[in-house]
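Following: one structure in structure tokens, then a few remarks.
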Amino acid sequence: MYLITWNARYAIGIEEIDDHHRHLVALLNTIYDDFVNQAPNRNLANVFAELASYTQYHFSAEESLMRAYGYPGYGLHKVRHDQFVERLETMREQFCNGRRQMSFDLLTFLNTWLLSHILDADADMGRFIASNHRMTA
């Protein structure tokens, strides 16, 4: 069962980042599937940990690209990343420290944040980099 079905409107035009986004969507879908099918908590904990780790990796790659291309929205974009990581880590800690119920509110937050971030902030970054790359190519 899928929470998000990847489609072309989520592509920002940077293959590496689009691949990352597809992987993040797949992880979110795994969490959702495990939640709906009432998988053991250890399954959810493992996927949650992978989501947290992969998010850090992905954000680092995006931030490196933004710095390399002199993206003017870097500061705000990084703040959004940092806030998300902090919130995700808090939720993960709560889950691992006894609050073992994955809530639909958490899934909604992850889904909403990821898609709105891709369609807004990441799309802006992608357009800037594409424009900058054409000017310097």
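Counting only Cα atoms, the chain measures 52, 27, 19 Å along its principal axes, largest extent leading.
Computed about the Cα centre, the dipole magnitude for the chain is approximately 120 debye when only Lys and Arg (+1) and Asp and Glu (-1) carry charge, each at its Cβ.
Which of I14, I31, I118 ends up with the largest GNM mean-square fluctuation for the chain, with Cα atoms connected below 10 Å? Highest fluctuation among the options: I14.
Here, each number is a calculation from the coordinates, and none is a lab measurement. Since the structure is predicted, the reported quantities are computational estimates derived from the model, not experimental observations. Using ideal geometry, Cβ is built from the backbone for each residue, glycine included, and neighbour counts are taken over all protein chains shown.
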